[in-house]
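Colleague: Dropping the structure in here first, questions after.
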Amino acid sequence: MTAEDFLDGQILLIDKPLKWSSFQAVNKLKYILKRKYDLPKKFKIGHAGTLDPLATGLLIICTGKFTKRITEIQGQAKEYTGTFTIGATTPSYDLETEVDATFPTGHVTPELIQETVKQFLGEIDQKPPVFSAIKKDGKRLYEHARAGEEVEIASRKTTINEFEISRIELPEIDFRVTCSKGTYIRSLAFDFGKALNSGAYLSVLRRTKIGDYSVENGVTPENFEKLVSEPEPERRTDEVN
């Protein structure tokens, strides 16, 4: 590829590692591309849909003129796989914060789990986690939460198209979900625990698809750097007699 290819626009499928922020991933690719191709200082690059640092998986990064497609890509359905841990909750609904309450799980059976799944199919009302980047009164919700400030969070409509349970080994429940833009899987974990008359938090999350884009076709930032660093193969011209 050439500098012009990235300036004209590319869609890069990155498999984001655990504990990396989406911002870190974008900056890493920007550094790699600018160093390799001597791109201009104001080279455009951005991601189509944030992934939390504790999540792994598909992060779509657009370059050049294709940054105009970010909103379109963000609006597509997403697929996630992961694990709920039953019997406890955390303030962040995931492993970012410590367990703040525990709940009984003796009544939770595979039958109850499968029956509860049905409550979350289709359009549902969902409150975003207090530890999220949504703004309230000019501040991110996580800023309010870390300052110990209580804020009222309005629920919003979201759609769960598919919700499958793939493994039950309590306290862990593995799942696969396809959902609309704006769905918080952390909130789904919390609400699922409540619906079981217990508690739950998200302990593993991986984004596997956005629209027709799949993480199976993605590369880690480390492997992307190796690919970019490889010399371009020489073009062979065979003589025809």
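Taken together, the values in this text are just the output of simple stated rules run on the coordinates, not laboratory data. Because the structure is a prediction, the values reported are computed rather than measured. Here the Cβ positions follow ideal geometry from the backbone for every residue, glycine too, while neighbour counts run over all protein chains shown.
Colleague: Find, among the trypsin sites (Lys or Arg not before Pro) in segment 20-122, those assigned to loop by DSSP (not H, G, I, E, B) with at most 12 other beta-carbon atoms within 10 angstrom.
Modeller: Details: sites: Lys28, Lys30, Lys34, Arg35, Lys36, Lys41, Lys42, Lys44, Lys65, Lys68, Arg69, Lys78, Lys118; in loops: Lys41, Lys42, Lys44.
Listed in order of number, the matching sites are Lys41, Lys42.
Colleague: Could I ask something else about it? Divide by every residue of the chain the summed helix terms, -39500 (n - 2.57) for each DSSP H run of at least 4, and state the resulting mean residue ellipticity at 222 nm, rounded to the nearest 500 deg cm²/dmol. Mind dumping the intermediate values first?
Modeller: On the way: 7 runs with 61 residues, N = 241.
Per the formula, -7000 deg cm²/dmol.
Colleague: I'd like the Kirkwood hydrodynamic radius of the chain, using the inverse of the mean 1/r over distinct C-alpha pairs, in Å. List each step's numbers first, then the result.
Modeller: Working: mean 1/r = 0.0505 Å⁻¹.
Averaging 1/r across every pair of different Cα atoms and inverting gives 19.8 Å.
Colleague: When Thr71, Thr105 are ordered from fewest to most other Cβ atoms inside 10 Å of their Cβ, what list results?
Modeller: Details: Thr71 9, Thr105 17.
The most exposed by this proxy come first: Thr71, Thr105.
Colleague: Hey, another quick one. Tell me the GluC sites (Glu not before Pro) within segment 158-236 that lie in a loop according to DSSP and have at most 10 other beta-carbon atoms within 10 Å. It would help to have the intermediate numbers written out before the result.
Modeller: Numbers: sites: Glu162, Glu164, Glu169, Glu172, Glu216, Glu222, Glu225, Glu234; in loops: Glu234.
Taking segment 158-236 and a limit of 10 other Cβ atoms within 10 Å, the loop GluC sites (Glu not before Pro) found are Glu234.
Colleague: Something else now. Report the local net charge at Gln74: Lys and Arg +1, Asp and Glu -1, summed over other residues whose C-beta lies under 13 Å from its C-beta. It would help to have the intermediate numbers written out before the result.
Modeller: Working: positive: Lys68, Arg69, Lys78, Lys181, Arg207; negative: Glu72.
So the environment of Gln74 carries a net charge of +4.
Colleague: Follow-up. Note the full-extension length gain between Lys68 and Glu169 as 0.36 nm times their separation in residues minus their Cα-Cα distance, in nm to one decimal. Mind showing how you got there, number by number?
Modeller: Numbers: separation 101, 0.36 × 101 = 36.36 nm, distance 4.40 nm.
This chain segment gains 32.0 nm when fully extended.
Colleague: Another question, then. Using alpha carbon centroids, what distance separates segment 197-228 and segment 61-124, in Å?
Modeller: 14 Å
Colleague: Using a 10 Å cut-off on Cβ atoms, rank the peptides 79-86, 121-128 from the highest mean neighbour count down. Please report the intermediate quantities before stating the final value.
Modeller: Values: 79-86: 21.9, 121-128: 14.6.
The densest-packed peptide leads the list: 79-86, 121-128.
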